[in-house]
Amino acid sequence: MKTFVLPGTDITAPNVVLGLMRIQDKSDDDVRTLVRTAMDSGITFLDHADVYGSELHGCERRFAEAMRLTASEREQLVIQTKAGIVREGPYFDFSYDHIVESVHGSLEALGTDYIDILLLHRPDALVEPEEVARAFNDLADAGKVRAFGVSNHTPRQIDLLRRYVAQPIVANQVQLSITHAPLIAQGVAANMQKLDQSISRDDGLIDYCRLHDITLQAWSPFQAGFFDGPFLGSPRYPELNATVERLAKHYNVPPIAIATAWITRHPAHMQVVIGTTTPERVAAAAQGSEVPLTRAEWYELFRDAGYTVP
């Protein structure tokens, strides 16, 4: 498993992350097997959010109840959670009170004294960055949060926060897979008339994050689009799956590892957030961490996903 020091922190992180948004109804044994399989594969970075589960902080609490971590076990893990979505609305709330209350709820649910990384979960159109800065300062000064980031934010939204927030914005979690890659595809076909791919939807987010040492975390890395099913094995992508299968045989890894490798191959040092609750799939996907796809192989997968390479 490849690791790196997360820029802006002293946290050593793997380039594959275990997302725990689907564990609410899993048994203690199921949760422990899932997490231990991930750790055995080198995945020591866990992703939560306050809204994951059937009730607020539900998956965080389910995790803590099942794992019952000792202090030394807790130190071996990087635990990330998110705040900002009010699902009863639904709407978003980046106010001081909401952020601080959410973190206190996550700390209690997780049974821990600190959160390694707190992300703001989707942009709040009514954000008052001074409020965010005050919340981050108080949480950092109290030792309750070690580092801060965002999710699904644009460069300008990040700039607005960075003008007021004292701490570095260390991560931005965004949707990215071979078949859902507008973040990458636009730059490849920039300035091509009458091609939808050439339209900028994110103001150069990947390059922005590279310039500002912000780690991109790819969620739904195996989804074809926005929660419309996986592309692996899908009859909608016959050419892509044929190439995935061929490369999997070449590198002696499962096909899902190639989907991981397509993201980790990017020089932006992205992290892949795996959301499956099947231990075997976690172990299989983790194998992509170190698969050395060539440039030609990377672009072949990109073309077979339906993108234009001029």
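Restricting attention to the stretch 202-241, the residues that are farther than 20 Å from Leu120 by Cα and among the charged types (D, E, K, R) total 4. Considering Leu240, Leu232, the condition of being assigned to a helix (DSSP H, G or I) and surrounded by 14 or more Cβ atoms within 10 Å (Cβ to Cβ) is satisfied by Leu240 alone. Pairing each residue of the stretch 81-95 that is surrounded by 23 or more Cβ atoms within 10 Å (Cβ to Cβ) with any residue that is in a strand (DSSP E or B) and hydroxyl-bearing (Ser, Thr, Tyr), provided the two are 6+ apart or on different chains, yields C-beta distances under 7 Å for Lys82/Ser151. For the stretch 203-229, the set of residues classified as farther than 30 Å from Ala284 by Cβ, assigned to a loop (DSSP other than H, G, I, E, B) and in contact with a Ser or Thr (Cβ under 9 Å, 6 or more places away or on another chain) consists of Asp203 only. Step by step: first the residues of the stretch 99-139, then only those that are within 23 Å of Asp10 (Cα to Cα) and hydroxyl-bearing (Ser, Thr, Tyr), then the one that is surrounded by the fewest Cβ atoms within 10 Å (Cβ to Cβ). Which residue is that? The qualifying residue surrounded by the fewest Cβ atoms within 10 Å (Cβ to Cβ) is Tyr114. Which of the residues belonging to the stretch 299-310 are under 10 Å from Leu247 (Cβ atoms) and within 24 Å of the chain's Cα centre (by Cα)? Listed by number, the list holds a single entry, Leu301.
So, in the stretch 235-257, exactly how many residues are in contact with a helix residue (DSSP H, G or I) (Cβ under 7 Å, 6 or more places away or on another chain), more than 27 Å from Ala49 (Cα to Cα) and not charged (D, E, K, R)?
8
Considering only the stretch 251-272, I want to know if a residue exists there that is farther than 26 Å from Leu119 by Cα, crowded, with 17+ Cβ neighbours inside 10 Å and polar (S, T, N, Q). Looking for residues that are farther than 26 Å from Leu119 by Cα, crowded, with 17+ Cβ neighbours inside 10 Å and polar (S, T, N, Q), one finds none in the stretch 251-272, hence no. With respect to Ala171, is the statement that it is in contact (Cβ under 8 Å) with a residue 12 or more places away in the chain and either of a type in the set (D, E, K, R) or part of a helix (DSSP H, G or I) (or both) true? Considered against the rule, which asks whether it is in contact (Cβ under 8 Å) with a residue 12 or more places away in the chain and either of a type in the set (D, E, K, R) or part of a helix (DSSP H, G or I) (or both), Ala171 comes out as no. Checking Ile158, Ile178 one by one, the residue that is over 20 Å from Trp262 (Cα atoms), of a type in the set (A, V, I, L, M) and either touching a residue at least 24 places away in the same chain (Cβ under 8 Å) or crowded, with 20+ Cβ neighbours inside 10 Å (or both) is Ile158 and no other.
Arg265 meets the conditions (1) over 25 Å from Gly8 (Cβ atoms); (2) in contact with a Phe, Trp or Tyr (Cβ under 9 Å, 6 or more places away or on another chain) in every case but one. The failed one is (1). Taken together, the residues in the stretch 4-20 that are surrounded by fewer than 18 Cβ atoms within 10 Å (Cβ to Cβ) and of a type in the set (Ser, Thr, Tyr) amount to 1.
When the residues of the stretch 21-49 are filtered to those that are without any contact (Cβ under 8 Å) to a residue 60 or more places away in the chain and either closer than 30 Å to Asp213 by Cβ or within 15 Å of the chain's Cα centre (by Cα) (or both), the one that is surrounded by the most Cβ atoms within 10 Å (Cβ to Cβ) is Val35.
The numbered conditions (1) in a helix (DSSP H, G or I); (2) in contact (Cβ under 8 Å) with a residue 12 or more places away in the chain; (3) among the small types (Gly, Ala, Ser); (4) more than 25 Å from His121 (Cβ to Cβ) are all true for Ala285 except (4).
Within the stretch 56-80, the set of residues being farther than 24 Å from Pro14 by Cβ and crowded, with 19+ Cβ neighbours inside 10 Å comprises His57, Arg61.
Scanning the stretch 119-155 for residues that are out of contact with any strand residue (DSSP E or B) (no Cβ under 8 Å at 6 or more places or on another chain), among the charged types (D, E, K, R) and not in a loop (DSSP other than H, G, I, E, B) yields a count of 5.
Every number here is computed from the coordinates shown, using simple stated rules; none is lab data. Only a predicted model underlies this, so the values are computations on that prediction, with no experimental measurement involved. In this analysis, Cβ positions are derived from the backbone assuming ideal geometry, glycine residues included, and neighbour counts consider all displayed protein chains.
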